[in-house]
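Below is one structure, written out as structure tokens; the observations come after it.
The values are calculated or read from the model by the stated rules, or taken from the named source; none is laboratory data. Every value quoted in this text rests on a predicted model; they were computed, and no experiment measured them. Positions of Cβ are backbone-derived with ideal geometry, glycine not excepted, and every protein chain shown enters the neighbour counts.
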Amino acid sequence: MTTIERSTWATKVGLARMLAGGVIMDVVTADQAKIAEEAGAVAVMALERVPFDIRRDGGVARMSDPKLIEEIKNATTIPVMAKCRIGHFAEAQILQSLEVDYIDESEVLTPADEEHHIDKHEFSVPFVCGCRDLGEALRRIGEGAAMIRTKGEAGTGDIVEAVRHMRAVQKGIRELTNMRTDELFAAAKELRAPYDIVKQTAELGELPVPNFSAGGVATPADASLMRQLGAQAVFVGSGIFKSADPERYARAIVKAATHFDNPEILVEVSTGLGEPMRGISSTEIPVEERLATRGW
Amino acid sequence: MSDSARPSRIGVLAVQGAVREHVNAIREIGADAVEVRLPRDLVDLDALILPGGESTAMRKLIDAYGLREPIAALGRAGAPMLGTCAGMILLAERNADGEDPVFGMLDIEVRRNAYGRQLDSFEADLEVPVLGHEPLHGVFIRAPVVTHVGPRTEVLARDPDGQPVAVRTGSVLATAFHPELTGDRRMHRLLAQMISEGVERTA
């Protein structure tokens, strides 16, 4: 008799691999989820407020109301992700019980624990986590994240932080690949990451799970830039539904993620798009108010 | 179509999805891999793989850049095709959810995500007699279910509950699981073998 094994590591990482080359869009209503799916999104992130509004409103940002997540699940056939606060494993348990397809343990929400992230191996549902550098990525993978997203500064429409952090991760990986085995032990100590995952990354020449880009992506050119810097897919938050024409922006960014290295198509999809989200330069945000700095 | 001196050229539809994994598998079996994003990328292909991903997104990108007709034409010309998961949905002649078929080359009816959500994704060993005695390990991710098998289709494998999970109509092969996610290359070799059998038939 053949046995079936559910929710294995291969199925968790496998779902992330299926999203490669695609765009995951933040949506706050069932109608937006339908627009996203119709435009060619590979998944949606169900939220009560996009990061731009979270930043504007201030206060504590928490997991969304399960009712909203249910409505979005019912409105679309593509995978539905939802966010819980860093370290808030009770929110994660609720999201797992809601049968979302991926949980984002996200710095966009107000952290619930300033020392510990969730033990993600304990869950059947897969997790995605953010990172600013290689050590943070490898610590999250060690805790069980099956997908990594390199953090930009969410809700700004400014790509500079996403670029900084993607370059940091890629540079860190290149350095690992040039190390002797004995040097990898020291690297693991410095990266504050599990040795076996450091070694695996050095051997693969890339993270052992897919690495996407999230935060600050506002235009087709931004999506192309992040794909060319090594992101396998992009998350777009405020960039779509805070633009002048969300349907068009959504379709254009989807095409740009696929044809990221084809300048002719990038010209075509960038032309006459209308106003992108207004945006906030991330240098205007005091360091202590930057979302990307949350996570440890 | 292909002279035996050169390696086979196998395309992978690369609009979205698990493209890299198939490209790596193709190279491991000694064939040349070509990523297909535009109709011009289809020139001189001996076979084409339609990977896993989100079929709704892939469908939009296929139509946005005019890939539907040239891929269907490649299939009608006898080039072997392999569709995995979403690729199976794109190849199917009938869709139980009422969506329009895309390429309509595989005599089956499918239902998207019918095994359930991500929490129902699973792994299982599968008996695939056409690939030999050794079971093939199948990774199923939000997989489609084959709800009806037409008379022109042979079932190559079933899941532990008896549902068909690998099927073939003529030169069109499809799996509900992801052979590209494991190190076992027998499914890709079967595709390559179908190229040479097709060449012999037309020779």
Worksheet item: Which residues, counting only those in region B:63-89, are surrounded by 15 or more Cβ atoms within 10 Å (Cβ to Cβ) and within 14 Å of chain A (Cβ to nearest Cβ)?
Response: B:64, B:65, B:67, B:83, B:84, B:85, B:86, B:87, B:88, B:89
Worksheet entry | Residues located in region B:1-53, provided they are free of Cβ contacts under 8 Å to residues at least 60 places away in the same chain, of a type in the set (A, V, I, L, M, F, W, C) and within 14 Å of another protein chain (Cβ to nearest Cβ) | B:12, B:14, B:15, B:19, B:23, B:36, B:38, B:50
Discussion item. Please return the ranges of strands (runs of 3 or more DSSP E) entirely within region B:30-105 where 1 or more residues are of a type in the set (A, V, I, L, M, F, W, C) and closer than 24 Å to residue B:185 by Cβ.
Written reply: B:32-36, B:47-50, B:81-84
Worksheet item: Between a first residue in region A:91-120 that is within 14 Å of chain B (Cβ to nearest Cβ) and a second residue that is β-branched (Val, Ile, Thr) and in a loop (DSSP other than H, G, I, E, B), which pairs have beta carbons less than 6 Å apart while being 6 or more apart in sequence or on different chains?
Response: A:92/A:118; A:96/A:125; A:103/A:125
Item to complete: Being among the β-branched types (Val, Ile, Thr) and surrounded by fewer than 24 Cβ atoms within 10 Å (Cβ to Cβ) is the filter; apply it to region A:94-139 and report the residue that is farthest from residue A:176 (Cα to Cα).
Response: A:94
Fill in: Residue that is farthest from the other protein chains (Cβ to nearest Cβ) [pool: residues in region B:104-141 that are touching a residue at least 60 places away in the same chain (Cβ under 8 Å) and in contact with a Leu (Cβ under 6 Å, 6 or more places away or on another chain)]
B:105
Worksheet entry | Residue that is charged (D, E, K, R) and either in a strand (DSSP E or B) or touching a Ser or Thr at 6+ places or on another chain (Cβ under 7 Å) (or both), where the choices are A:105, A:71 | A:105
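Confirm whether residue A:30 is at the interface with chain B (Cβ under 7 Å from one of its Cβ atoms) and either of a type outside the set (Lys, Arg) or under 16 Å from residue B:56 (Cα atoms) (or both). Show your work before the answer.
Details: at the interface with chain B (Cβ under 7 Å from one of its Cβ atoms): no; either of a type outside the set (Lys, Arg) or under 16 Å from residue B:56 (Cα atoms) (or both): yes.
It is false that residue A:30 is at the interface with chain B (Cβ under 7 Å from one of its Cβ atoms) and either of a type outside the set (Lys, Arg) or under 16 Å from residue B:56 (Cα atoms) (or both).
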Worksheet item: So which residues in region B:109-125 are surrounded by 21 or more Cβ atoms within 10 Å (Cβ to Cβ) and assigned to a strand (DSSP E or B)?
Response: B:110, B:122, B:123
Worksheet item: Considering region B:189-203 alone, what residues qualify as being buried (at least 16 other Cβ atoms within 10 Å of the Cβ) and modelled with pLDDT of 95 or more?
Response: B:189, B:190, B:191, B:192, B:194, B:195
